[in-house]
Amino acid sequence: MIRSPVYTTQTNRKGEGVLHLRRPGTEEMRKIQTKIIAIVVLATVCVSVIAGIVSTAVTRYSTASALEKNALETAKLAALAAENMISTYTLTIAEMASNPILVDKNATPEEKQEFIQERVDAYYMRFGGMTDADGYDVVHGVDVSGEPFFQAAAQGSSYMSTPYIDGTDTYLMVAAPIKDGDEVKGVLYFQCDTYILQSIIEGLQIGEEGEAYILDKDGTTIAYVDQEAVLNRENVMREAAAAPEDEELQTVAAIEKKMTLGEIGVERFYYAEDQSNNIQSYAPIAGTDGWSIAVTIDEDEFMRPAEYGNILQTAICVVACIVIIIISMRVSHTIVTPVVRCAERIRALSQGDLGSPVPQVKSKDETRILADSTAQLVKDLGTIVHEMQDILGAIADGNLTREVSGQSYPGDFAALWESLRVISDKLNVTMAGIVSASDQVSTGSDQVAATAAALSHGAVEQTSAVGDLSGTISNMSTEAKGIAQMTEHAKDVVGEAGEKLQESGGYIDSLNQAMGQITQSSEEISRIIDTIENIAFQTNILALNAAVEAARAGTNGKGFAVVAEEVRNLATKSDQAAKATKELIERSVNAVESGSLVVGKVTDSVTAAVKMADEAAGQMEQVTKAVEDQTDAIEQVASGIEQISGVVQNNSATAEESAATSQELSGQAAMLQQLVGGFRLLKK
């Protein structure tokens, strides 16, 4: 759903009415002015931030570099100052030790003590003394040969000791050799306050938080602003060795380790107790036995001015951004306001508003061109829309005599003017064609109605004739199907008879085989009977021979003669039986041969009958096939008759529908003529 725009009219400073369009949801859209301001502010902020970051980085880097350089130079200068101060004291003591009174054998001890006391008072020292070459103090009467200051001075050079601690008191021992020519005759020494070293430390304070201290060769603090550190003989390296988990202590211990090695350098470390970043420089003190001085600077203290400068720069950037925002708002307002008003007017135009006024712009720049172009656009679109409204309204009223103006539209709107002209011309031509076509349709529909009526009558008569023919064909089809069934049954009966005859032929073949076997058996029996006859003949001969032999034997052969007679009688009977059997078998063989001839003839008859049955079955199959073909042909004819009947019925229905359609077409043609009559067309 499209929400309609809301128009409001406001009065500007000059009292002119200005149209404003407020579309629902416009408050959520980002305006051009906001974009311009955002871009300007973003660019300004980006430049300011980048410049601030670069400036801050450069300032911090340059300040840190300067601090490191200055700290290192300060440490070197402090070491040089300490060296000079220590050298001054040692040279002063050496000058005192070179006084002839000290090696004058004629000078009394009191004179030497007076000389030493004068120097003690003159240089604000605590006391002084002198020893012989063995370390015995000839002034105070004590042995100091085991003291480090004596041992060092006895080697032929001046010496200043590390601070001695006596309870809460600290002091230094300064000594110089007493020479007679190149030979060391003794040592002149003085006890001094440690303010000599403290004065060096106190004069090296850099800033409010900076400080300095001096370490001996073992890393023990021998000079520091806090005297407790000296009294306690603080040694960070020993403390770090006892507390390896303390990272801060390990860092400071590593720095002091380098100091005890006589190195020169500068290091950074963080002091957690006061949360400060520190820079510590260090340098060895020449003329000592491994002393080193360190100068510590609080980096944050010296970075504060730079931070204040960064804060000031940030404030200036913020003020500049505010000024730029105000200027950009004023400048963008003069540019954006005409653009926004023209955009609102064009948006109203896109919603179909052609009557609202166009904003007026007095400036002589591109916004004036935009406003004039917007006014021209509204004017041209109004002209086009009004003319289209007139033409389309006339067409809606059925008036096609309204012609398009001869003046073409500007630019791409010329195609719209041409389309209106073509539409008007084609509507006139189309409506004229419709009028002519409607007349032709009315005439043609009457002719179609008459033709359809005649076709419908003929179709009814054809339907009746085709129905009778279809009944006749149906009866023929039924009778043909009955004949086909009868021939199919006859073919089945003949086939069964043929199968039975073939089966009888098989039985006859079996009978022939059996007769052959009987004949073969009879021949074998005949051969056996011949053998029996031969045996009977031989037996008879043997019986005769036996009787002859029995007769020859006389009385002893009577029994044997009886047996021989019985054997001969038995042989005779066997011969008679064999002959009778032979005759019987011969008669059986003759009967079998006669039967075989008869069976052969029967076989020939059955074979001929089987052949004739096969031929009859083939003929019946052909008859059946012919009847089936005739039945199929009758069915095809019946199907064709049914199709003809359907076509005739369809033709009849089509004719009736055509008649109804032609009547309806006539009505529609009359209605079309009535509708087209409502249009007024150009007369050409």
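The values are calculated or read from the model by the stated rules, or taken from the named source; none is laboratory data. Note that the structure is predicted; figures quoted are calculated from it, not measured. All Cβ positions, even for glycine, are placed from backbone atoms using ideal geometry, and neighbour counts span all protein chains on display.
Odds and ends about this structure:
- Looking at the stretch 248-354, the strands (runs of 3 or more DSSP E) lying wholly inside it that each contain 3 or more residues that are in contact with a Gly (Cβ under 9 Å, 6 or more places away or on another chain) sit at 276-284, 292-298.
- Taking the numbered list (1) free of Cβ contacts under 8 Å to residues at least 60 places away in the same chain; (2) over 30 Å from MET173 (Cα atoms) in turn, ASP226 passes all entries but (2).
- Complete set of residues in the stretch 186-207 that are part of a strand (DSSP E or B) and in contact with an Asp or Glu (Cβ under 7 Å, 6 or more places away or on another chain): GLY186
- Output for the stretch 82-107, where each listed residue is in contact (Cβ under 8 Å) with a residue 40 or more places away in the chain, more than 19 Å from PHE150 (Cα to Cα) and out of contact with any Leu (no Cβ under 8 Å at 6 or more places or on another chain): GLU83, MET85
- Residue under evaluation ALA78, criteria (1) touching a Leu at 6+ places or on another chain (Cβ under 6 Å); (2) assigned to a loop (DSSP other than H, G, I, E, B); (3) of a type in the set (A, V, I, L, M, F, W, C), criterion not met: (2)
- For first residues located in the stretch 150-178 and assigned by TED's automatic domain parsing to the domain that holds MET96, partners that are assigned to a helix (DSSP H, G or I) and of a type in the set (Ser, Thr, Tyr) and lie 6+ apart or on another chain with Cβ distances below 8 Å form the pairs SER158/THR90; TYR159/THR90; MET160/TYR89; MET160/THR90; VAL174/TYR89; VAL174/THR90; ALA176/THR90.
Residue by residue, here is whether (1) in a helix (DSSP H, G or I); (2) modelled with pLDDT of 75 or more holds:
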position: GLU583; (1), (2): yes, yes
position: ALA591; (1), (2): yes, no
position: LEU597; (1), (2): yes, yes
position: VAL623; (1), (2): yes, no
position: GLN673; (1), (2): yes, no
position: LEU682; (1), (2): no, no
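- Pairs linking a residue in the stretch 116-132 that is under 15 Å from ALA97 (Cα atoms) and part of a strand (DSSP E or B) to a residue that is small (Gly, Ala, Ser) and modelled with pLDDT of 90 or more, with Cβ atoms under 7 Å and 6 or more positions apart or on different chains, are MET130/GLY186; THR131/GLY186; ASP132/GLY186.
- The test for being modelled with pLDDT under 75, over 30 Å from LEU77 (Cβ atoms) and not assigned by TED's automatic domain parsing to the domain that holds ALA78 does not hold for VAL318.
- Residue satisfying condition, being loosely packed, with under 15 Cβ neighbours inside 10 Å, in a helix (DSSP H, G or I) and at pLDDT 65 or above, within set ALA66, ALA94: ALA66
- Per this entry, ALA229 is not counted among residues that are in contact with a helix residue (DSSP H, G or I) (Cβ under 9 Å, 6 or more places away or on another chain) and surrounded by fewer than 18 Cβ atoms within 10 Å (Cβ to Cβ).
- Any hit, the stretch 143-151, residues being touching a strand residue (DSSP E or B) at 6+ places or on another chain (Cβ under 6 Å), more than 19 Å from PRO100 (Cβ to Cβ) and of a type in the set (S, T, N, Q): no
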